[in-house]
Amino acid sequence: MSDKKELSAGARTGAASKAAAAGLKKNQPSKPDKPKDTRSHEEIKNAVVKNRDTLAQTLDAIEFKLNVPKRAKYETAQLKARFQALREENPAALVAGAAGVVALVGTGIFFGVRAATRR
């Protein structure tokens, strides 16, 4: 018996919301006419292909930015390529840079050991 009451209450609610929606439609301004598409079938096809390519490139860029391991591998490969190019173009600069790094590390170790033994 209570199921029938719930059903009739639901039916009344549905009718009320339909009437309200119809009233809202009456108060809305009329929709402007859509402009006619004057492109040919081939032009539309070409536009779709172009948009798909653009979307694919955008998704690839997003994936690359969010994929940290892939970016790390890419950056490592870029760094190796830079060192390789530097080694081929100007080996003296590479040797000087390596000597500078060794000097900095050695100085850091020296002062670290010195500070630790003075305590």
Any idea which residue in segment 83-106 is farthest from the chain's Cα centre (by Cα), counting only those that are of a type outside the set (A, V, I, L, M, F, W, C) and surrounded by 10 or more Cβ atoms within 10 Å (Cβ to Cβ)?
106
Given (1) modelled with pLDDT of 90 or more; (2) over 30 Å from residue 97 (Cα atoms), residue 29 misses just (1)
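The values are calculated or read from the model by the stated rules, or taken from the named source; none is laboratory data. Computed from a predicted model, the values in this text were never measured in an experiment. Positions of Cβ are backbone-derived with ideal geometry, glycine not excepted, and every protein chain shown enters the neighbour counts.
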